Each structure stands twice: as C-alpha cells, then as structure tokens.
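Before any comments, here is the structure.
Readers should treat all values here as calculations from the given coordinates under stated rules, not as data from a laboratory. Fair warning: this is a prediction, and the values are worked out from it, not measured in the lab.
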Amino acid sequence: MAEQAETLRRTPLSRDRILRAAVALADGAGIESLSMRNLAQELGVVPMALYKHVANKDELLDGMIDVVVGEIDPLTPGEGWQPAIRRRVLSARQMLRRHPWASLAIESRNMATPAVLGYLDSMIGALRAGGLSTDLTHHVMHALGSRILGFSQELFDAARQAGRSGPTAPQPPAPLPPEVALRFPHVAEIAAAASHDDGSVVGQGCDDQFEFEFALDLLLDGIERLREQGWTAPR
C-alpha cells in the first residue's frame, strides 16, 4: 500500500490527476474540506504547482463537476426516448449517490459546465428524436427540472432553503410540534404517513429512490400522452 502511494506521488502532475484527486477528497471528507492547500498535500506537491493546471478553486470545482457528470451512462443508439431518458436519469442519480456533494455543487455554478451542457444537450436531442416537438420539449425540460440530473429539490429541504453549499448526511425530518400539527392538519397527516428509505436518499428532504422514481415515471407517462396528442402550449 505504501509503495502504491509513493508511486502515485511520483506520477507526473496533470489536470486530470488533480481533478480526480479533488473528487476523491470531496467524496471522503466533504466539499467543505476541499482547499488548494489540502489538495496539494494529498498529491504531494506544493500548492503553486496546482495553478499550472487549474487557475483557481472555481475552475477546480467546474472540472470536478465535469469529471463526475462524465460517469453518467451514455445514450444507447436505437433506444426509445422514454426508456433512454429514464435510464440516464437513474444513472445520474447513482452518480450523485457516489458523490453526495455534486448536486449542490452543480446548483452553485452561475453557468453550467461543458459536461453538464453536453448532457442536457444529448437529453434534449433524445426527446426531439423521440418525436417531441420543440415546444413540448421546452416544457418537458421545465417539468423535469433538477430530476433530469438525478435529484429533486424538496419542498421542505432546509439545507437548500438556507443556501448551504456543503453536503451533509441525510437527516430524518423532525416531527411537527403538536400546536403546529393542530393548525395545519393536512401537512401533519402527510408527514405522519411518510415512509422513506434513508439509505437511498440523495441530498436532503424526502428525495429517496421510491419517491424519485414515482415522480419520474409519472412525468414520463404524462409526457408520452402529450406527444401522442400532438400537444402545443396555449398562446
């Protein structure tokens, strides 16, 4: 093990090596622990050596996003639009399970990275090739929202509402205080009925695998019905 670590340290520094080391560091200790100094120490180099390959931490984060988005399964030629979209969205979700920091990192960027743009472009292309009009495709992208990248922004997601940029382990929702439950009985009823698989949660809130697939299938089935009807948006 020590010999492998020493061999890795002697490997010439490259942008790809830096990005993959940064991803591994964020996976292990959280994105909030990532700094150029910590990354340089992990790679066995001085911090200034990193700047020959990445200009700053923003460029580093963009590159990390592109590395993990590159793990999403590619389109399969000849596959129907509905199974293709479903398979890739669920592949994106598995990527986020491996890299729990990535969803908030993607959201934090002012502009989508090249890999994210390429992924979205290919998904739009799959919808268009499946017979969806430009008009319907436009509305489908809005309807799918963040689900197309493998996660959903939940109504009661306190971490996102607070504008947090770092990932945390999924936390079970706190029970509603009795006085709140009395005032808002329908919310209390739903909260009491909720049952989630904490082991399959991405991010915070109720975004577990069953809820995610339920909503995704609901959307895809509805989209197919609209395609069959030749739907267009009212003007």
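Relative contact order of segment 10-130, taken over Cα pairs closer than 8 Å and 6 or more residues apart, is 27 percent.
How large is the convex hull of the Cα atoms of segment 1-142 per residue, expressed in Å³ as a whole number?
Output value, Cα hull per residue: 132 Å³.
Sequence-ordered 3J(HN,Hα) estimates for segment 61-69 from the Karplus curve with 6.51, -1.76 and 1.60 and θ = phi - 60° stand at 5, 4, x, 4, 4, 5, 4, 6, 5 Hz, glycine and proline given as x.
Quick one: divide the alpha-carbon radius of gyration of segment 77-155 by 2.2 N^0.38 Å and tell me what you get.
On the way: Rg = 12.8 Å, N = 79, 2.2 N^0.38 = 11.6 Å.
Dividing the Cα Rg of segment 77-155 by 2.2 N^0.38 Å gives 1.11.
A Cα-only calculation for segment 62-120 places Rg and Dmax at 11.8, 35 Å.
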